[in-house]
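Inspection log for the structure reproduced underneath, given as structure tokens.
The values are calculated or read from the model by the stated rules, or taken from the named source; none is laboratory data. The structure displayed is predicted, hence computed values, not measured ones. Here the Cβ positions follow ideal geometry from the backbone for every residue, glycine too, while neighbour counts run over all protein chains shown. Heads up: the accessible areas ignore ligands, DNA and RNA and are worked out on the full protein's heavy atoms, side chains in. Shrake-Rupley method; radii C 1.70, N 1.55, O 1.52, S 1.80 Å.
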Amino acid sequence: VYAGDLVWKDREQNFYELVDSKPVSNLFLYLSKLASLVLLQVFLSLIILICGVLIQTFKGYTHYELGLYFETLFIYGLPSKILVCVLCLFIQTLSRNKYVGHSIVILYWLGMLWLPSLGFEHRLYLVGALPHATYSDMNHFGTLYKPFIAFTANWAFLYFAMALMTILLWRRGAEAGLKLT
């Protein structure tokens with residue numbers, strides 16, 4: 001929802017002519033919106049960290065493993081959230097209407113939920129799906145790091161191409177189209 005609001009805010013308030021007349025590149029406009037989405041994800045992850053510590057404190061457990069919280073939330077959790085931010089900006093840029101973009105994103109999430117039940121369980125079929133981090137006290141995250149890096153790099157290349165297409169298709173002015181400048 002926030003990605004749609006970021007992309008469509010200027011158009012809905014008829015402020016786009018002023019913004020689009022400035023000598024600012026599409027790259028800067030895209031990166032500013034992506035940065036706000038990523039910072040929102042970082043902020044929400046910090047809230048999860050704080051709530052986890054507070055719950056531990058209220059239950060009487062005082063052996064805080066902040067490194068484990070950080071590793072789980074920011075190393076294994078944040079990359080997939082960043083990929084979703086890139087995807088949402090891409091979808092909102094391609095759509096002609098904010099609500100159509102919202103509908104496409106909802107269909108994406110429903111598809112990601114239903115595909116495993118239809119037999120498509122492998123992470124290479126599920127767009128942007130990264131391996132889940134399983135933790136144990138004996139070997140921590142074990143040998144998950146290498147497959148996680150491989151899957152993250154695999155999907156990052158696709159999402160980098162999506163980001164480039166988003167920058168090229170960024171709407172400026174009244175007309176929409178491919179911009180090679």
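Any idea what angle helix 98-114 forms with the longest principal axis of the chain, computed on alpha-carbon atoms, 0 to 90 degrees, nearest 10?
That works out to roughly 30 degrees.
Rounded to the nearest 0.05, what FRET efficiency do Phe43 and Glu65 give with R0 = 25 Å and r taken as the Cβ-Cβ distance? Could you check?
With R0 = 25 Å, the Cβ-Cβ based efficiency is 0.70.
Counting only protein heavy atoms, what percent of the accessible surface of the range 1-124 is carbon or sulfur at a 1.4 Å probe?
Values: 5610 of 7840 Å².
Ligands and nucleic acids excluded, carbon and sulfur reach 72 percent.
May I ask for the angle, rounded to the nearest 10°, between helix 26-58 and the longest principal axis of the chain, with both axes built from Cα atoms and the value confined to 0 to 90°?
Relative to the chain, helix 26-58 is tipped by roughly 30 degrees.
Working with all protein chains in place, sort His132, His102 by solvent-accessible area computed with a 1.4 Å probe, largest first.
Sorted by accessible area, descending: His132, His102.
As I understand it, the value is the acute angle between the Cα axis of helix 78-94 and the longest principal axis of the Cα atoms of the chain; what does it come to in degrees, rounded to 10?
Once rounded, the angle reads 20 degrees.
Would you mind getting the accessible area per residue of the chain, heavy atoms of the protein chains only, 1.4 Å probe, in Å²?
Roughly 64 Å² per residue, with all protein chains present.
What distance in nm separates the simple spin-label points at Leu113 and Phe28, each placed 7 Å from Cα in the Cβ direction?
Result: 4.1 nm between the two label points.
Starting from the Cα of Lys146, draw a straight line to each of the lysines and keep only those under 26 Å, dropping any in the same chain fewer than 8 residues away.
Lys81
Show that you can apply the helix-only estimate: for the chain, add -39,500 (n - 2.57) for every DSSP H stretch of four or more residues, divide by all residues, and state [θ] at 222 nm to the nearest 500.
Result for the chain: -20500 deg cm²/dmol, rounded to the nearest 500.
Give me the base-10 log of I(q)/I(0) for the range 36-113 at each q in 0.12 Å⁻¹, Debye formula, one uniform scatterer per Cα, rounded to two decimals.
Results for the range 36-113 at q = 0.12 Å⁻¹ read -0.49.
Over all distinct alpha-carbon pairs, what is the Kirkwood Rh of the chain in angstrom?
After inverting the pairwise mean of 1/r, the radius is 18.6 Å.
Could you order Asp137, Asp10, Asp5 by accessible surface area, starting with the largest, using a probe radius of 1.4 Å?
Accessible-area ranking of Asp137, Asp10, Asp5, largest first: Asp137, Asp5, Asp10.
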